[in-house]
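Only one structure is covered here, and it is reproduced in the block below.
The values are calculated or read from the model by the stated rules, or taken from the named source; none is laboratory data. Please read all numbers here as calculations on a predicted model, not as lab measurements. Positions of Cβ are backbone-derived with ideal geometry, glycine not excepted, and every protein chain shown enters the neighbour counts. In case anyone asks, the SASA skips ligands and DNA or RNA and just uses the protein heavy atoms, side chains included. Shrake-Rupley method; radii C 1.70, N 1.55, O 1.52, S 1.80 Å.
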Amino acid sequence: MSVVMTTPMLVVFESCNCFRHFLPFLLNCFVCFDFVPYTSYHRAFLGEEAAGMRLGASTPSNLERTVAIIKPDAVQNQKEIEAIMIRSGFSILRQRRTSLTAEEASSFYAEHFGKAFFPYLVDYMSSDSVVVYVLARQNAISIWRDLIGPTNSTRARVTHPNSLRAVYGTDEQKNGFHGSSDYKSAEREIRFFFREQVVLEPIKIKHSAQNYLAKNVDSTLLKMLTDQCRRKPDDPVIWLADWLLDNSQYEL
């Protein structure tokens, strides 16, 4: 992964020998938000091939997270389904097996309250264990929904016979799977199931990345590199770790 270095930071530090020693570590440690304009620095310190790997197509701008749920009637096929997830290009960021109470199922599907199928949905989702995942890849939301297929498993066997609901679902109500409908739903659902765990912030892209870094990262890096150049520690990496523990505004 890589860090975006802004112009003022480079002007201050590009002539400093300690910065030259330090930059490879920074380039590999800080998060890349799909905007790395200073490719010459990457090539100088990482080499042409490594820089290309970091700055090329391997850094997608439409990387997304989505919630996937294996519902009670399909849980027995969990291992097979996880293998399909991986083969389809998804990374599993979070995973938990849980049993929903009727109240929790009602809260999760609150948008469907008042619809005729709502009581059956709540009863179904609270009838046995479910397995919940946070999946990530390019266009994760739409690709996962395409992979699971139409909501009616019986109809899916005719129109989308290779979809997960066609293969592992039971019928119109017991359809085997859930997928977030859009970005906002995905973020809400991640927090619903993983509220006691660390939830990463939404992935920043393009200009929002620049704004985020300018607001939250640049000032810390500027202070750190200034102090490092002044002190010239024998072991910059150890010094960096200690400095971040002492000075970061975030809990490390």
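Summary of computed values
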read-out	value
Extreme residue, modelled with the lowest pLDDT, among residues of the range 223-252 that are hydrophobic (A, V, I, L, M, F, W, C) and open to solvent by 70 Å² or more (accessible area, probe 1.4 Å)	Leu252
Helices (runs of 4 or more DSSP H) lying entirely in the range 76-148 (those with 3 or more residues that are closer than 18 Å to Thr66 by Cα, of a type outside the set (Phe, Trp, Tyr) and over 15 Å from the mean Cα position of the chain (by Cα))	78-87, 140-148
Filtered residues of the range 164-184 (kept if within 21 Å of Gly89 (Cβ to Cβ), of a type in the set (Ser, Thr, Tyr) and open to solvent by less than 80 Å² (accessible area, probe 1.4 Å))	Tyr168, Ser180, Ser181
Members of the range 70-114 that are of a type in the set (S, T, N, Q) and in contact (Cβ under 8 Å) with a residue 40 or more places away in the chain	Asn77, Gln78, Ser88, Ser91, Thr98, Ser107
Hits in the range 80-98 (condition: closer than 17 Å to Arg191 by Cα and surrounded by 13 or more Cβ atoms within 10 Å (Cβ to Cβ))	Ile92, Leu93, Arg94, Gln95
Residue tally, condition open to solvent by less than 20 Å² (accessible area, probe 1.4 Å) and not polar (S, T, N, Q), over the range 128-163	13
